[in-house]
Amino acid sequence: MSGKVWVLGGYQSDFARNLSREGRGVDALTDEVVRGALTTARTAAEDVKVIHVGNAFGQLFTGQGHLGAMPATVVPELWGKPASRHEAACASGSVAVLAAMADLRSGSYDCALVVGLEIEKTVAGDEAARLLGAAAWVGHEADGVTYVWPHQFSGVADEYDARYGLDEAHLHRIAEVNLANAKRNPHARPAAGRCRSPSTTTRSTPWSRDGCAGSTAARSPTGARRWSSSTTTSSATTRGPPARPGRGLGPPDGRSRPLGQARALGR
């Protein structure tokens, strides 16, 4: 089955936070994003039929694996729902979305919960860089390199330049667009406001982050209208202050961001 997939609502945490300093772990982060996403989507946890979790480095930074099961661990109403974790480095969240879309389009399920989360501020910067290097081919690539990601991306750029030619101005423009987008998002890293001009930065800069995003999707416009027009929620989605129009539900300080309601993805 093909067709559009409808995003009913979403939630994004504030990436300026340091969850370790707050005394919060991956369970608390999952609880926050699941309840926030369900609330902005006006969807009861019982209506979710399948769960997809995107996470790249869970065990390395927190020691916690089996993250596909974490949503049901913190929200009991999700017990018994099929759930899986997707790991694809920076694309982990995107792959989780693609998997949810495939589930919905197959007709096997009509409502999916997608969660992406990372906690990486649990160690010092050099140790974080070493752990992030696990995304490379360990023992074969970037041996002895401290910052693997900038090294690898720079190598790709050098190879592209050798084959086809590469204008640095184009790379700078990409960085300018990305930085401008980050500055418009109140929940992006505060470092975006302190970053140097992209024209003076290197090709890639390593960052570690704590944060999460989640969304709820439906298979048909009928389902999208049914869930997004609902005014009732289960007990799993009512913890915290009431949602404000156009905002997500988050912790008591209101740090939240909706991703939109009943938005169609793809064909």
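Only the coordinates and a few stated rules stand behind these numbers; no lab work does. All values reported here derive from a predicted model rather than from experimental measurement. Heads up, the Cβs are rebuilt from the backbone with ideal geometry, glycines too, and the neighbour counts pull from every protein chain shown.
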Original post:
If only one of Gly58, Gly93, Gly68, Gly80 is buried (at least 21 other Cβ atoms within 10 Å of the Cβ) and closer than 29 Å to Gly3 by Cα, which one is it?
Top reply: Gly93
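Of these, Ala142, Ala188, Ala157, which one is surrounded by 13 or more Cβ atoms within 10 Å (Cβ to Cβ), among the aliphatic types (A, V, I, L, M), closer than 25 Å to Gly211 by Cβ and in contact with a helix residue (DSSP H, G or I) (Cβ under 8 Å, 6 or more places away or on another chain)? Reasoning before the result, please.
Working: Ala142 fails: closer than 25 Å to Gly211 by Cβ; Ala157 fails: closer than 25 Å to Gly211 by Cβ.
Being surrounded by 13 or more Cβ atoms within 10 Å (Cβ to Cβ), among the aliphatic types (A, V, I, L, M), closer than 25 Å to Gly211 by Cβ and in contact with a helix residue (DSSP H, G or I) (Cβ under 8 Å, 6 or more places away or on another chain) holds for just one of Ala142, Ala188, Ala157, which is Ala188.
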Original post:
Is at least one residue of region 125-143 of a type in the set (Lys, Arg) and within 30 Å of Trp79 (Cα to Cα)?
Top reply: no
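Let's see how each residue does on (1) in contact with a strand residue (DSSP E or B) (Cβ under 7 Å, 6 or more places away or on another chain); (2) in contact (Cβ under 8 Å) with a residue 12 or more places away in the chain:
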{"residue": "Ala56", "(1), (2)": "yes, yes"}
{"residue": "His66", "(1), (2)": "no, yes"}
{"residue": "Ala69", "(1), (2)": "yes, yes"}
{"residue": "Gly80", "(1), (2)": "no, no"}
{"residue": "Asp103", "(1), (2)": "yes, yes"}
{"residue": "Asp110", "(1), (2)": "yes, yes"}
